[in-house]
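There's a structure below that I have some questions on.
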Amino acid sequence: MQEKTLRSRMIIALVAILLLLLPAFCGYYVLHIIIFSGINLITVLGLGLLIGFSGQVSLGHAAFYGIGAYASALLTVKLGLSFWIALPLAGIIAGIAGVLLAIPSLKVAALYLVMTTIGFSMIVWLMMLQWSGLTNGPNGIIGIPFPAIGGWVLDSPAKYYYLILVFALAALWLMSRIVRSAVGLRLMAIFDQEEAAQAVGINTTYFRVLAFVISSIFAGVGGSLYAHYVTFIHPENFNIWVSISFLVMAVFGGQRSIPGLTASVLILTFATEYFRVFGEYRMIGYGLFLAVGMIYFPRGIGTIKLASPKSLLARLLRSKTG
Amino acid sequence: MAKILEIENVSKFFGGLEALKDVCFDVQENELLSIIGPNGSGKTTLFNLITGVYRVSGGSIIFKGQPVHNEKSNRIAERGIARTFQNIKLFHTLSVMNNVLIASYCKGRPQSWAQIFGVQSGIERDRKLKEKSRELIKFVGLKGKEDDVVSNLAYGEQKKTEIARALALNPELLLLDEPVGGLNPAERQEITHLIRTILKEGVTVLLIEHDMRVVMNISERIIALNFGQIIAEGKPEEIRRNGAVIEAYFGPEMD
């Protein structure tokens, strides 16, 4: 028993060192993709809660991501607020939007919820495109400032990586805590057996809205981190394909598996980038990759990842020495 | 003896179908009242009205002096009415412990966000609720199975889990819908014994059951329904000899 905890502690330490020193041995391009993976992870963790734990399928997640991005961009560019204030505000604003979408969604059954969320997503996208007074329309917003800690400006991938690392780890920690908590359990109860959930005193309306709000806050924070990295955003960054892409990452990760979701986001973010070499045939390659993946892991890769990535790594090391 | 539940002229229509018509009866505190009747006579509909699954088409349901008809199910659970389901409605992907624990949150005030952020009071509260849940699981005879996913349990064990879950609400009124349906004689004995113990704790029990031996054995009073109306009411001995009840189950006497 002691040996196991010592071993897992060593694994954790190894992974921690790896993560801390990553920029030193990764090229610019790989670091760039890792940053996007982190941003996607934060965003998709929220979607995973919504789909996997509360059973509400949403094809509108890019809307919350975009609201967070635009909110953060506008607060810093037009109002001159600091990134550190804009980010939480962006999360809150996205959360409020989450309430707005959740309420009409309560009335519709699962399949129609997909359409409601698509509709919402379109409305938000159109607002970005046409409310030029606020959002600058199709021209988007430029000159979004890099975050700064005191005098230290995070203006390169290597520096931004650490910001993303902190937020991604925090998001992973928070979401793990949420799904294991009284909140997470009740969401799963509602998903499993809504009538019985009500019979044991669960206010299903409140919890369904709460799931939307939590998921949209995560997306809003992801959007803000995105905006301050790319420094230029425009409505096309938040279209329906982005929502689909988030949904695919969430589903591919397997229901209710946070390690699966993490792996899924990493794999699919890298796949999307690396398939660029195929030029026009990129989406075909990506689609094939996805199809094969779903054939071998029909319930998402989370289902084979019964162990956490850390113990899987441990097993790998053990077999090499054993 | 106080009346804990009053059913006053309750009717329920589903379109043209009269599921319940002008049903009137009272339930005394801490009694065991059984509702019997052929399939389709309206027993489960009555339970669904009491627990807020359906709205009444007419009449009122008074619990501890307050109207509960047309209230939301979760509010009714908070008021002190718990139930089990005829066809088991457990949270099938979750463990026995989690099924009971989730129900304990109703009266148990779990402090979720304190728990999430690791604040001591939240963790402590969670520990206490798990402890209480463990006791309930032991009470129904499922000690050792806390971590089993309920969909893997035997049918009888699932029924027991539902009872434990209902008890986690600390109810004053417990509605049991066919608790021994599909169980073997030994299991029926266990459930009967459980119900007796629950009564001793001061809970009022409303029972729907088809097994006449169990009904006659533990009921203090019986109400018989047929086609949505009460056809007889009284002590077990009276009901057993009642012509209308016999006819409802077995059809009219043949000459």
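The values are calculated or read from the model by the stated rules, or taken from the named source; none is laboratory data. Bear in mind the structure is a predicted one, so any value in this text is a computation, not a measurement. All Cβ positions, even for glycine, are placed from backbone atoms using ideal geometry, and neighbour counts span all protein chains on display.
Given (1) touching a Gly at 6+ places or on another chain (Cβ under 6 Å); (2) within 12 Å of chain A (Cβ to nearest Cβ); (3) part of a loop (DSSP other than H, G, I, E, B), where does B:Leu183 come up short, assuming only one miss?
(2)
Further, regarding this structure: In region B:114-144, which residue that is surrounded by 20 or more Cβ atoms within 10 Å (Cβ to Cβ) and not in a helix (DSSP H, G or I) is farthest from the other protein chains (Cβ to nearest Cβ)?
Top of the filtered list is B:Leu142.
Another question, then. Check A:Ser243, A:Ser216, A:Ser257 and return the single one that is at pLDDT 95 or above and of a type in the set (Ser, Thr, Tyr). Write out each step before concluding.
Values: A:Ser243 fails: at pLDDT 95 or above; A:Ser257 fails: at pLDDT 95 or above.
Exactly one of A:Ser243, A:Ser216, A:Ser257 is at pLDDT 95 or above and of a type in the set (Ser, Thr, Tyr), namely A:Ser216.
Which members of region B:41-54 meet the condition of being closer than 16 Å to B:Ile208 by Cα and touching a residue at least 24 places away in the same chain (Cβ under 8 Å)?
Filtering region B:41-54 for residues closer than 16 Å to B:Ile208 by Cα gives B:41-51.
B:Ser41, B:Gly42, B:Lys43, B:Thr44, B:Thr45, B:Leu46, B:Phe47, B:Leu49, B:Ile50, B:Thr51 - these are the residues of region B:41-54 that are closer than 16 Å to B:Ile208 by Cα and touching a residue at least 24 places away in the same chain (Cβ under 8 Å).
Output the residue which, of all residues in region B:89-103 that are facing chain A (nearest Cβ under 9 Å) and assigned to a helix (DSSP H, G or I), is surrounded by the fewest Cβ atoms within 10 Å (Cβ to Cβ). Working first, answer last.
Of all residues in region B:89-103, those facing chain A (nearest Cβ under 9 Å) come to B:89-94, B:98-99, B:101-103.
Then drop every residue that is not assigned to a helix (DSSP H, G or I), which leaves B:98-99, B:101-103.
Details: B:Asn98: 21, B:Asn99: 29, B:Leu101: 28, B:Ile102: 29, B:Ala103: 32.
Applying the filter and picking the extreme gives B:Asn98.
Considering region B:51-89 alone, what residues qualify as being within 14 Å of the chain's Cα centre (by Cα) and either farther than 30 Å from B:Glu146 by Cβ or of a type outside the set (Val, Ile, Thr) (or both)?
Restricting attention to region B:51-89, the residues satisfying the condition of being within 14 Å of the chain's Cα centre (by Cα) are B:51-53, B:73, B:76-77, B:80-89.
Passing the criteria: B:Gly52, B:Ser73, B:Ala77, B:Gly80, B:Ala82, B:Arg83, B:Phe85, B:Gln86, B:Asn87, B:Lys89.
For region A:187-206, which positions are more than 22 Å from the chain's Cα centre (by Cα) and assigned to a helix (DSSP H, G or I)?
Of all residues in region A:187-206, those more than 22 Å from the chain's Cα centre (by Cα) come to A:189-190, A:192-206.
Once the filter is applied, which keeps residues that are more than 22 Å from the chain's Cα centre (by Cα) and assigned to a helix (DSSP H, G or I), region A:187-206 yields A:Ala189, A:Ile190, A:Asp192, A:Glu194, A:Glu195, A:Ala196, A:Ala197, A:Gln198, A:Ala199, A:Thr204, A:Thr205, A:Tyr206.
How about region B:193-209: which of its residues are out of contact with any Pro (no Cβ under 9 Å at 6 or more places or on another chain) and either touching a residue at least 60 places away in the same chain (Cβ under 8 Å) or surrounded by fewer than 17 Cβ atoms within 10 Å (Cβ to Cβ) (or both)? Give the derivation first.
Narrowing region B:193-209 to residues out of contact with any Pro (no Cβ under 9 Å at 6 or more places or on another chain): B:193, B:196-202, B:205-206.
Answer for region B:193-209, where residues must be out of contact with any Pro (no Cβ under 9 Å at 6 or more places or on another chain) and either touching a residue at least 60 places away in the same chain (Cβ under 8 Å) or surrounded by fewer than 17 Cβ atoms within 10 Å (Cβ to Cβ) (or both): B:His193, B:Arg196, B:Thr197, B:Leu199, B:Lys200, B:Glu201, B:Gly202, B:Val205, B:Leu206.
Determine, yes or no, whether B:Val214 is hydrophobic (A, V, I, L, M, F, W, C), farther than 25 Å from B:Glu18 by Cβ, away from chain A (no Cβ under 14 Å) and assigned to a loop (DSSP other than H, G, I, E, B).
Values: hydrophobic (A, V, I, L, M, F, W, C): yes; farther than 25 Å from B:Glu18 by Cβ: yes; away from chain A (no Cβ under 14 Å): yes; assigned to a loop (DSSP other than H, G, I, E, B): no.
No: the conditions fail for B:Val214.
Just a yes or no: is a residue in region B:195-210 within 14 Å of chain A (Cβ to nearest Cβ), in contact with a Phe, Trp or Tyr (Cβ under 7 Å, 6 or more places away or on another chain) and hydrophobic (A, V, I, L, M, F, W, C)?
To start, the set of residues in region B:195-210 that are within 14 Å of chain A (Cβ to nearest Cβ) comprises none.
Scanning region B:195-210 turns up no residue that is within 14 Å of chain A (Cβ to nearest Cβ), in contact with a Phe, Trp or Tyr (Cβ under 7 Å, 6 or more places away or on another chain) and hydrophobic (A, V, I, L, M, F, W, C).
On to the next question. Filter region A:189-238 for residues that are within 20 Å of B:Leu169 (Cβ to Cβ) and more than 8 Å from chain B (Cβ to nearest Cβ) and give the result. Working first, answer last.
Applying the first criterion (within 20 Å of B:Leu169 (Cβ to Cβ)) to region A:189-238 yields A:189-190, A:192-207.
The answer is A:Ile190, A:Glu194, A:Thr205, A:Tyr206, A:Phe207.
In region B:223-253, what residues are part of a strand (DSSP E or B) and of a type outside the set (A, V, I, L, M)? Break it down stepwise before answering.
Filtering region B:223-253 down to residues part of a strand (DSSP E or B) leaves B:223-226, B:229-234.
B:Asn226, B:Gln229, B:Glu233, B:Gly234 - these are the residues of region B:223-253 that are part of a strand (DSSP E or B) and of a type outside the set (A, V, I, L, M).
Being under 25 Å from B:Thr45 (Cβ atoms), of a type in the set (Asp, Glu), within 11 Å of chain A (Cβ to nearest Cβ) and surrounded by fewer than 19 Cβ atoms within 10 Å (Cβ to Cβ) is true for just one of B:Glu172, B:Glu78. Which residue is that? Give the steps one after another, and end with the answer.
Values: B:Glu172 fails: within 11 Å of chain A (Cβ to nearest Cβ).
Step by step, each of B:Glu172, B:Glu78 is checked, and only B:Glu78 is under 25 Å from B:Thr45 (Cβ atoms), of a type in the set (Asp, Glu), within 11 Å of chain A (Cβ to nearest Cβ) and surrounded by fewer than 19 Cβ atoms within 10 Å (Cβ to Cβ).
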